[in-house]
Each structure stands twice: as C-alpha cells, then as structure tokens.
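Shown next, in structure tokens, is the structure this report addresses.
The values are calculated or read from the model by the stated rules, or taken from the named source; none is laboratory data. Just so you know, these numbers come straight off a predicted model, no measurement behind them. A quick note on method: Cβ atoms are made from the backbone with ideal geometry, for glycine too, and the neighbour counts reach across all protein chains shown.
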Amino acid sequence: MITPNYLKNGDTIGIVCPSGYMPINKIEVCINTLQHWGYKVKLGSTVGNQYHYFSGTDEERLLDVQQMLDDTEVKAILFGRGGYGLSRIINYINFYSFIKNPKWLVGFSDITILHAHLHSQLKISSLHASMAAAFMDEGYKNQFVQSIKQILAGEKVDYSCGFHKYNKTGIAKGELIGGNLTLIAHLIGSTSSYVHTKGKILFLEDVGEYLYNIDRLLIQLKNNGLLKDLSGVIIGGFTDMKDTFIPFGEDVYTIIYNQFKAYNYPICFSFPVGHQTNNYALKIGCKYQLTVSEEGTSLIELI
C-alpha cells in the first residue's frame, strides 16, 4: 500500500461535497479549525451549492472532485459530508494525476466508496474520519476530531475501548479495511469493491437502517466470501436503527453477533467509529494490531 505524504504547516486542505448538499454555514467552524491547525483551506464549488438532494449535478460534483484531485497545491481533501451520490460518479473520476501525487482523502459514510476504490484499485491509503459537521458546537475540541489532526501530521495513534459481552478475545494483525456496511454491500460486484479480504481487519458501522436489513447485508457479505478469511473484525456504531411493525426480535448487536459467531477470529463490539460523536480517524490500508481481551480492546498502528 502507498501512504500519502503527511502534511506540514502551511499545506493546503481542499474541501468538497461529492454527494449530499451541505449549507455553507455548517462548514465555517471546520474552516476556522483547519486554519488554526496551521493549514490553508481551499473550497470547492460544491460547498454550499445545491441541486435538489445533491450538492450539484453529477457533472458539477464530478468536476469539483476531479479538480481537487488534480490540484498539486492541495495536499489533502476533507469531504464536507456524505449522504448519497458518489456511486453515480466514481467510474468517471480520472485518478491519473492522483496516482502520481497521492493525497489524503478524509471522510466516511458515502465516502466509503472512495476508500474501497483506492484500496482495491489503486493500493493507496486513505483516512476514514469525521467530516465538516463534526467540527461544530465545539466538536473540534474532542479527541475524535483531534485524531484527524494527529494522523495528518504523521503521528501514529493507538485507540482503546471497553469490554463488550459479545467480544471474542484474541489478537489480530493485518491491513485495516472497512467503512459503512450498506456501502460495502452496495459495491459488491463493482470494480470498486473490497475483494481480497484474507488476513485483513474489517471494521463496520452504519446508521438509520432497519434491523432486518443489517442481517441481510451481513448475509450478502458472507455469501460473497468477504468474511471467512479475515484476521479480525471491529464493529463500530450502529446508530438510529429502526424496526418493522412486527419486531425483528433482536437488537442490532445480537444480529451482528449471530452472523459472526461461527468465525474464530477476534471480534470487538462498540468500537468508537461511525455516525456518532465517538468517531476515531482510521487509516485504511495501513497495518494495525487488534487486541481483544477481558479488560477491553486496543487498536495500535504497526510500523
């Protein structure tokens, strides 16, 4: 895997919205914080722009992403928000200049599409992390948003969380892959899909799904062989879950546990990643050690 260069004081971070619409006022705290961290900020044309649900037409969003990828002055791209829209343009993005000058792509949710594409097609690491809205209401002060700053500066961070009753203890080492469960399942069969999962640590998170759909999505991953040869699994936040009129009969972590219980690798539940305040930045494609014990879980980046 190729790791993009870490940032220096005075480097430029670009901000674009490749999917859903985001009002310009919701990005102001993010801009101020990035400048306080010592970076210059360059806004794309999609920031504050709106075309129905989206931040622009497919053509406008594609052009904005393309210009930021090609801009040699931009050393990292922080995506303003997720939502939906990247799968409509991913096959039209030209990564030729990006391959010659890799930069950190930072975001999550719908940005999972880019993370998976970079990992499977380009072998370039990226950063699964909070986006612009997380900086609001003094969110920029919390350790989770600060983890973005640490990683962009080149610090190797290690994370920990408490024990969960569904954890399966053990130690796993491998490249970290993952992201939003719905998007990972959505990509199966496409050129952007995570395909080679053997020996890797997979992390999953999701938001706003029906319980039965979480079960269905995991079965889809299982039936496509993405789960059988993993080194370990990290289950993050599954927030704002919904149930049908006739209840599914299990909570979301029980559903997930039942789909993974046949595997022998270590599994951590309730790790601080996902659509929630507790959302640590994770370098996709980099090697980590996952240790799950009776005392809790640690995730440490390996050299």
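Out of the strands (runs of 3 or more DSSP E) lying entirely within region 187-303, which hold 1 or more residues that are of a type outside the set (F, W, Y) and in contact with a Lys or Arg (Cβ under 7 Å, 6 or more places away or on another chain)?
Once the strands (runs of 3 or more DSSP E) in region 187-303 are filtered for at least 1 residues that are of a type outside the set (F, W, Y) and in contact with a Lys or Arg (Cβ under 7 Å, 6 or more places away or on another chain), what remains is 287-293, 296-301.
Just to check your reading of the model, which residue among M68, M1 is within 21 Å of the chain's Cα centre (by Cα), of a type outside the set (D, E, K, R) and under 21 Å from D110 (Cα atoms)? Working first, answer last.
Values: M1 fails: under 21 Å from D110 (Cα atoms).
That would be M68, the only listed residue that is within 21 Å of the chain's Cα centre (by Cα), of a type outside the set (D, E, K, R) and under 21 Å from D110 (Cα atoms).
For the structure I just gave you, tell me whether H186 is modelled with pLDDT under 95 and not assigned by TED's automatic domain parsing to the domain that holds E73. Reasoning before the result, please.
Numbers: modelled with pLDDT under 95: no; not assigned by TED's automatic domain parsing to the domain that holds E73: yes.
Taking the combined requirement at face value, the residue does not satisfy it.
Quick one: how many residues across region 147-170 are buried (at least 16 other Cβ atoms within 10 Å of the Cβ) and without any contact (Cβ under 8 Å) to a residue 40 or more places away in the chain?
0
Considering only region 123-132, state which residues are in a strand (DSSP E or B) and more than 10 Å from the chain's Cα centre (by Cα). Let's see the steps before the verdict.
Quick first cut of region 123-132, residues in a strand (DSSP E or B) only: 124, 126-128.
Once the filter is applied, which keeps residues that are in a strand (DSSP E or B) and more than 10 Å from the chain's Cα centre (by Cα), region 123-132 yields only I124.
From the set of residues in region 1-11 that are assigned to a loop (DSSP other than H, G, I, E, B) and touching a strand residue (DSSP E or B) at 6+ places or on another chain (Cβ under 6 Å), which is surrounded by the fewest Cβ atoms within 10 Å (Cβ to Cβ)? Don't jump to the end; show me each part of the working.
Filtering region 1-11 for residues assigned to a loop (DSSP other than H, G, I, E, B) gives 1, 3-11.
The next check asks that each one be touching a strand residue (DSSP E or B) at 6+ places or on another chain (Cβ under 6 Å); those that pass are 4, 7, 11.
Numbers: P4: 20, L7: 21, D11: 17.
The selected residue is D11.
Given the conditions (1) more than 17 Å from the chain's Cα centre (by Cα); (2) crowded, with 21+ Cβ neighbours inside 10 Å; (3) of a type outside the set (A, V, I, L, M, F, W, C); (4) under 24 Å from N279 (Cα atoms), report the number of the one that S19 does not fulfil.
Evaluating S19 over (1) more than 17 Å from the chain's Cα centre (by Cα); (2) crowded, with 21+ Cβ neighbours inside 10 Å; (3) of a type outside the set (A, V, I, L, M, F, W, C); (4) under 24 Å from N279 (Cα atoms) leaves (1) as the failure.
Among the listed residues I77, I31, I27, I89, identify the single one that is closer than 18 Å to M131 by Cα and touching a Leu at 6+ places or on another chain (Cβ under 6 Å). Explain how you work it out, then say what you get.
Numbers: I31 fails: touching a Leu at 6+ places or on another chain (Cβ under 6 Å); I27 fails: touching a Leu at 6+ places or on another chain (Cβ under 6 Å); I89 fails: closer than 18 Å to M131 by Cα.
It is I77.
Cβ-Cβ under 7 Å, sequence separation 6+ or interchain: first residue in region 57-83 and closer than 10 Å to K103 by Cα, partner surrounded by fewer than 22 Cβ atoms within 10 Å (Cβ to Cβ) and among the charged types (D, E, K, R). Which pairs?
These pairs meet every condition: V74/K42; K75/D11.
Please go through (1) touching a strand residue (DSSP E or B) at 6+ places or on another chain (Cβ under 7 Å); (2) within 19 Å of V157 (Cβ to Cβ) for N279 and return the number of the only condition it doesn't satisfy.
The number of the failed condition is (1).
How do the helices (runs of 4 or more DSSP H) wholly within region 12-122 filter down when requiring 3 or more residues that are in contact with a strand residue (DSSP E or B) (Cβ under 8 Å, 6 or more places away or on another chain): which remain?
Working: elements: 28-36, 58-70, 96-100, 112-117.
It comes to 28-36, 58-70, 112-117.
For the list (1) farther than 19 Å from M1 by Cα; (2) free of Cβ contacts under 8 Å to residues at least 60 places away in the same chain; (3) in contact with a Leu (Cβ under 8 Å, 6 or more places away or on another chain), I need the number of the one condition that I184 fails.
The number of the failed condition is (2).
Please work out which residue is farthest from the chain's Cα centre (by Cα), limiting yourself to region 172-184 and to residues that are more than 12 Å from I267 (Cβ to Cβ) and in a strand (DSSP E or B). Walk me through it before giving the result.
First pass over region 172-184, keeping only residues more than 12 Å from I267 (Cβ to Cβ): 173-184.
The next check asks that each one be in a strand (DSSP E or B); those that pass are 173-180.
On the way: K173: 19, G174: 17, E175: 14, L176: 11, I177: 9, G178: 7, G179: 5, N180: 7 Å.
Looking at the filtered set, the residue picked out is K173.
Confirm whether D110 is over 28 Å from G237 (Cβ atoms), surrounded by 18 or more Cβ atoms within 10 Å (Cβ to Cβ), charged (D, E, K, R) and touching a Ser or Thr at 6+ places or on another chain (Cβ under 9 Å).
Details: over 28 Å from G237 (Cβ atoms): no; surrounded by 18 or more Cβ atoms within 10 Å (Cβ to Cβ): yes; charged (D, E, K, R): yes; touching a Ser or Thr at 6+ places or on another chain (Cβ under 9 Å): yes.
In short, no.
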